[in-house]
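*Asks:* Mind having a look at this structure? Questions to follow.
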Amino acid sequence: MKDIKNPVKQRKLLVTSYITITLNLFCFVLGFLYISNPRYSILWDIYGVILAVGIFENLLYIYFNLHKRNILRAKTQLISYGFLLLIIIAVSCMMSGNLLISSIYSNELSDTIGAYLLTYFSYFGILLYGLSFAIYNIIALIRFDFSHSRQILFAINTRKFTRAKRISRKILIIFSKITFIIGICFAFVIIFGSFEIVTTSIAIISGQFGVFFSIIFLANTILLLKLKRRKRTTKKYYRTAILGLFVSGCLLMPLVVTNLTVLNAKRSFANAFGDDWEDRIPSSTNQYFLRTPFSLTGYFLGTPPKDCIIEKNTLFYDENGIKLYFDAYMPSNGGDGLPGENSVIIRIHGGSWVSGDKGMMNMMQMNKYFAAQGYIVFDIQYGLDTNPLFELDPLTPDNNKGNFNIDDMMHHIGAFTNYLSIHADEYGANLDSVFVSGGSAGGHLASAVALSISSGNYTDIFSDSLTIRGLVPFYPANGQMVFFGISGSTEFTNPENLIDENSPPCLIFQGTHDILNYFSISENIRDTYLAKGNRECAILWMPMGGHLSDLYFSGYYNQIFLYFMERFLYLYH
């Protein structure tokens, strides 16, 4: 009784409760303000830090409320367990909601309402639960009556309730142990990198979603510690706690090194494109660009897609039993006064040359983003080689599958350039300023297309009406098609052979933990540029980033690269 009514413990719980209420209220109010007006403000930078602190403080608050000496343990234990599960589920839903927002064609509220609700309900749900929990604790402390607490606890401690509680505990322990093991695997990949297919798959998500996973894993660690408390020795308890904290810290490492990532990116950018690159961008133009390389608030709550005009599924090729289509993204005001000035961006999707598609499988939000800046973005299909491993892929359409090699794919993309040269006026497209971009297999094809057109030696394949101003490959897969049994001309399979002193400027996105496309490929492209006397090639390295580490549009990797990509396009358009 003495320990339970200890006034010092009461004061500590009151203070932590007031802190929790303050942080949650602050995040709640600013969350509404950010959603209503996400345009950059230094307030959002401050908010992002406090938001992260607030979420982790909620976890600590739960931990101490589950402590065996907590004076309100009899009343708050079940609520605390519910809070931990809510955080695990809600953070997963925030991540999923933001991904869904990025992959929906339309910006109409009726089409995106579900994704927004998933994100925002999850976010505000965490804050409301934490706020309510802290208020409840304060009221309970002020009106605390231990004898009444024991009566309530005794009243519900029936045999039926005890059995349900025991079953629920076992289920939670199994869930928590599995999550704990997954977290350790994620942390291992972040520290040591990937070296085979399983760890490579983990690297795709562990880096760019590290903050979300850190929160999930820390909540799970607290849950596991408390569920197994009675069966643990002191050494086992602290060993699990230390390991849990270490793993959560490892998952935060990509965020921790964000400033260093930005500094290195600025250095690489300046070395390739001139120390005066910032001075060459007028302040009036900068207003259209990201004001900061990374926003933690945007990471949690997402970046709303930009408004633009979208024309879907225009047929440009119908031969040899296949049909190929493209989507066009255009500025709403015709491009007047916007940085892009109707320059063209041709976007080529990845998928190992055997799968994938335009649209939701090709970073759709990026297409909208640049269309809103005044670029005419064309997201195109090309013929894919058949592969039995991908026959049941539900996301890859059948209209573009066949026995195609790299040369065939180049001819398909060439057919699009010929179509574009005829119909450019319909889209207001400026063919004197064309950029080509893509990821993985699309990064390889983008490199091959851009370098082939700029060489002027392949006018039998590509239209000579296009002037290539720049190339933006994401983790290009040059030469890797041999692992899928796909052949092609040497200059097309390894497009670095096409590089010369007049090749267009090149900006490369590359994760350090990407073994699907060994980073030596990107280094080889840059080294070949330099060997040819052309310094206009930069690699922006993403520490601990795996393949597809630009998948999360609001992630630190993609935000940082987007910051430099939009400036690169403006400098050379």
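The values are calculated or read from the model by the stated rules, or taken from the named source; none is laboratory data. For clarity, every value in this text was computed on a predicted model and none was experimentally measured. Positions of Cβ are backbone-derived with ideal geometry, glycine not excepted, and every protein chain shown enters the neighbour counts.
*Asks:* Is it the case that some residue within the stretch 375-397 is touching a Leu at 6+ places or on another chain (Cβ under 8 Å), surrounded by fewer than 22 Cβ atoms within 10 Å (Cβ to Cβ) and farther than 17 Å from Ser437 by Cα?
*Replies:* Taking every residue of the stretch 375-397 in turn, at least one turns out to be touching a Leu at 6+ places or on another chain (Cβ under 8 Å), surrounded by fewer than 22 Cβ atoms within 10 Å (Cβ to Cβ) and farther than 17 Å from Ser437 by Cα.
*Asks:* Still on this structure: Restricting attention to the stretch 262-315, which residues are of a type in the set (Val, Ile, Thr) and touching a residue at least 24 places away in the same chain (Cβ under 8 Å)?
*Replies:* Val262, Ile281, Thr285, Thr292, Thr297, Thr303, Ile309, Ile310
*Asks:* For the stretch 374-400, give me each residue that is more than 29 Å from the chain's Cα centre (by Cα) and in contact (Cβ under 8 Å) with a residue 40 or more places away in the chain.
*Replies:* Of everything in the stretch 374-400, just one residue is more than 29 Å from the chain's Cα centre (by Cα) and in contact (Cβ under 8 Å) with a residue 40 or more places away in the chain, namely Asn399.
*Asks:* Then there's this: Only one of Tyr136, Tyr116 is closer than 19 Å to Ile55 by Cα and surrounded by 15 or more Cβ atoms within 10 Å (Cβ to Cβ). Can you tell me which?
*Replies:* On the way: Tyr116 fails: closer than 19 Å to Ile55 by Cα.
Just a single option satisfies the conditions, and that option is Tyr136.
*Asks:* Which condition number does Ala219 fail, the rest of (1) within 21 Å of the chain's Cα centre (by Cα); (2) at pLDDT 80 or above; (3) under 27 Å from Phe294 (Cα atoms) being met?
*Replies:* Only one criterion in (1) within 21 Å of the chain's Cα centre (by Cα); (2) at pLDDT 80 or above; (3) under 27 Å from Phe294 (Cα atoms) is unmet by Ala219, namely (1).
*Asks:* Shifting gears a bit: Look at the stretch 512-552 and say how many of its residues are out of contact with any helix residue (DSSP H, G or I) (no Cβ under 7 Å at 6 or more places or on another chain) and of a type in the set (Gly, Ala, Ser).
*Replies:* Residues that pass the stated criteria total 4.
*Asks:* Can you tell me which of Gly244, Gly207 is of a type outside the set (S, T, N, Q), more than 17 Å from Arg169 (Cβ to Cβ), crowded, with 16+ Cβ neighbours inside 10 Å and touching a strand residue (DSSP E or B) at 6+ places or on another chain (Cβ under 8 Å)?
*Replies:* The match here is Gly207.
*Asks:* All but one of (1) in contact (Cβ under 8 Å) with a residue 60 or more places away in the chain; (2) more than 19 Å from Leu507 (Cα to Cα) hold for Lys358, so report the exception by its number.
*Replies:* (1)
*Asks:* Sort out which residues of the stretch 526-541 are touching a residue at least 60 places away in the same chain (Cβ under 8 Å) and not small (Gly, Ala, Ser), and write them in order of number.
*Replies:* Arg535, Glu536, Cys537, Ile539, Leu540, Trp541
*Asks:* Ok, one more. State yes or no: is Leu445 assigned to a helix (DSSP H, G or I) and within 16 Å of Gly356 (Cβ to Cβ)?
*Replies:* yes
*Asks:* While we're looking at this one, here's another question. Whether any residue in the stretch 344-366 is among the polar types (S, T, N, Q), surrounded by fewer than 23 Cβ atoms within 10 Å (Cβ to Cβ), part of a loop (DSSP other than H, G, I, E, B) and in contact with an Asp or Glu (Cβ under 8 Å, 6 or more places away or on another chain) is what I want to check.
*Replies:* The answer is yes, given that some residue of the stretch 344-366 is among the polar types (S, T, N, Q), surrounded by fewer than 23 Cβ atoms within 10 Å (Cβ to Cβ), part of a loop (DSSP other than H, G, I, E, B) and in contact with an Asp or Glu (Cβ under 8 Å, 6 or more places away or on another chain).
*Asks:* List every residue pair whose Cβ atoms lie under 9 Å apart, where the two residues are 6 or more positions apart in sequence or sit on different chains, the first residue falls within the stretch 1-27 and is small (Gly, Ala, Ser), and the second residue, located anywhere, is at pLDDT 85 or above.
*Replies:* The qualifying pairs are Ser17/Tyr61; Ser17/Phe133; Ser17/Ala134; Ser17/Ile135.
*Asks:* Also, quick follow-up: For Asn70, only one of the following conditions fails: (1) part of a helix (DSSP H, G or I); (2) surrounded by 15 or more Cβ atoms within 10 Å (Cβ to Cβ); (3) at pLDDT below 90. What is its number?
*Replies:* Condition not satisfied by Asn70: (1).
*Asks:* So Phe561 clears everything in (1) assigned to a helix (DSSP H, G or I); (2) out of contact with any Leu (no Cβ under 8 Å at 6 or more places or on another chain); (3) hydrophobic (A, V, I, L, M, F, W, C) except one condition, right? Which one?
*Replies:* Of everything listed in (1) assigned to a helix (DSSP H, G or I); (2) out of contact with any Leu (no Cβ under 8 Å at 6 or more places or on another chain); (3) hydrophobic (A, V, I, L, M, F, W, C), Phe561 misses just condition (2).
*Asks:* Would you point out which residue out of Glu523, Glu491 is part of a helix (DSSP H, G or I), free of Cβ contacts under 8 Å to residues at least 60 places away in the same chain and closer than 25 Å to Leu562 by Cβ?
*Replies:* Details: Glu491 fails: closer than 25 Å to Leu562 by Cβ.
Only one candidate passes the filter, namely Glu523.
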